[in-house]
Amino acid sequence: MLAAESRLYDLSIFDWSSVGPRRPITDQTEEMALVKVHEARRNEITYGFGFEVSHRGGNIPSGTVAVPGGPPVQLGGQKIAPSESTFASPRGSIEYNRRNVRGLGETASASLLVSRLDQRALTTYSQPHFFGSQWSSLTSFSVERTSENPLFAAGLGDASFQVERLISRRNNTRLQVRYDFNKTYLSHLLVPDLVLQRDPNIHLSTVSGTLINDTRDKPLDAHRGIFSTLTLGITPEPLGSSASFAKLTGQYAFYKPIHSIVFANSFRLGMVKAFSSSFVPTSQLYFSGGGNSLRGFPIDQAGPERLVPFCGVLSGQTSTQCTNVPVPFGGRELFILNSELRFPLGIMKNLGGVVFYDGGNVYSAISFRNFMDNYTNTFGLGLRYATPIGPVRFDIGHNINPVTGIKSTQYFITLGQAF
């Protein structure tokens, strides 16, 4: 009955739903079930207007810069000086939702955001039963133009269609099949070498399939169950792509309670390879490092790097001065092993501790020898404070295979478990 309530509510048609026995259960062996629902408003418009003052300094988040599809680049606290400016402009947004379209539980939505530095439009259409089948579907279109970062201006477009089916309700196993076409166009590059020559104008047409199995008791703080995914995607030039490549990514995580201790483990493996004498765009390579992967590295800083000259653009530089900044290059193979022991500390009711191990790396090529030579090991400790929306997490990780230019000890504060 509780599952039926959830399924009714998940249709996005009702404000609330209730499924229960007509009379209290005592000694009867049969009882009628009473279903109560309240239909939500079919039409909803949300809008907002304001005035914004933006300080465009190029550090998003603080001390880093990033381009679409690429990793954040650490600048060591320096800023992008020449384009650091203040922009003042009106800002407005509007969103329209239409529920229960055609009386079939389908939902249509459209949203628009307009400001001086960022313009974005998005439309979606979802169907719980695609053409009366057991498959649900989601269709979406989006376009965006942004110049919020002084390093570049970007035009982004995406169109996708996805169908999904529940294969096993008992094991919560789902199959997704997806087609996605996206286009990225970068212009006004302040540091031309930050983006490879093949990457400023990329369009990708991808067909993929994903199998998901999730039996966790609580997704944000699992104590038992498993979570596994396997995704295979093919992006061929004959379908309109700039490159031809195939990508396989998988994860398997399991959680085992042992008295008051939770033994949690996660394995992640990814491989991407070009075919037909093509290449793999930077946005489709693997990046790793940070609080949810390898905690001995800053965010996305694991794996191979290349030096990029920042000439006359950083604060304190003259027009002829250059500073070589290490930039993550991305890899064609990914392997991450995370293992944690989570236990209560007994000091406070909601406070717990963690000891963890993170192993693996991002690799420039798919090779067993490369895998062994560049494998890294991180050991660490952490604290968890339970809240209604998930644990607040503090982790300190020490990489015993330090990389030149990167501190071997890193710390992270975030919400939710690492995996």
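Summary table
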read-out	value
Check on residue 225, over 30 Å from residue 390 (Cα atoms) and either of a type outside the set (Phe, Trp, Tyr) or touching a residue at least 40 places away in the same chain (Cβ under 8 Å) (or both)	no
Pick from region 288-316, criterion hydrophobic (A, V, I, L, M, F, W, C) and in a loop (DSSP other than H, G, I, E, B), ranking: farthest from the chain's Cα centre (by Cα)	313
When residues of region 405-415 are limited to those that are assigned to a strand (DSSP E or B) and among the aliphatic types (A, V, I, L, M), the one most open to solvent (accessible area, probe 1.4 Å)	413
Scope region 317-368; condition among the charged types (D, E, K, R), part of a strand (DSSP E or B), open to solvent by 10 Å² or more (accessible area, probe 1.4 Å) and closer than 30 Å to residue 385 by Cα; matching residues	342
Restricting region 118-133 to residues that are in contact with a Gly (Cβ under 9 Å, 6 or more places away or on another chain) and not in a strand (DSSP E or B), the residue that is nearest to residue 150 (Cα to Cα)	128
Count of residues meeting criterion [of a type outside the set (Ser, Thr, Tyr), open to solvent by less than 20 Å² (accessible area, probe 1.4 Å) and either farther than 28 Å from residue 356 by Cβ or modelled with pLDDT under 95 (or both)] in region 243-258	2
Options 165, 178: the member that is at pLDDT 95 or above and touching a Leu at 6+ places or on another chain (Cβ under 6 Å)	165
Residues of region 95-117 satisfying the condition of being part of a strand (DSSP E or B), among the small types (Gly, Ala, Ser) and open to solvent by 30 Å² or more (accessible area, probe 1.4 Å)	110, 111
Selection count, region 231-270, where residues are under 30 Å from residue 185 (Cα atoms) and of a type outside the set (Lys, Arg)	21
Residue tally, condition more than 17 Å from residue 221 (Cα to Cα) and either modelled with pLDDT under 90 or open to solvent by 70 Å² or more (accessible area, probe 1.4 Å) (or both), over region 382-404	6
Which listed residue is within 27 Å of residue 134 (Cβ to Cβ) and surrounded by fewer than 17 Cβ atoms within 10 Å (Cβ to Cβ), from 232, 189	232
Considering residues of region 305-316 that are over 12 Å from residue 73 (Cβ atoms) and either open to solvent by 40 Å² or more (accessible area, probe 1.4 Å) or of a type in the set (Val, Ile, Thr) (or both) only, the residue modelled with the highest pLDDT	309
One residue from 132, 209 being over 30 Å from residue 246 (Cα atoms), surrounded by fewer than 16 Cβ atoms within 10 Å (Cβ to Cβ) and without any contact (Cβ under 8 Å) to a residue 60 or more places away in the chain	132
Residues satisfying the stated conditions in region 163-177, i.e. open to solvent by less than 80 Å² (accessible area, probe 1.4 Å) and either in a strand (DSSP E or B) or free of Cβ contacts under 8 Å to residues at least 12 places away in the same chain (or both)	163, 164, 166, 168, 173, 175, 176, 177
Among (1) open to solvent by 30 Å² or more (accessible area, probe 1.4 Å); (2) part of a strand (DSSP E or B); (3) more than 21 Å from residue 239 (Cα to Cα), the one test that residue 148 misses	(2)
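The values are calculated or read from the model by the stated rules, or taken from the named source; none is laboratory data. Keep in mind it's a predicted model, so treat the numbers as computed, not measured. We place every Cβ from the backbone using ideal geometry, glycine too, and count neighbours over all the protein chains shown. Note: accessible area is taken over every heavy atom of the protein model, side chains too, but ligands, DNA and RNA are not part of it. Shrake-Rupley method; radii C 1.70, N 1.55, O 1.52, S 1.80 Å.
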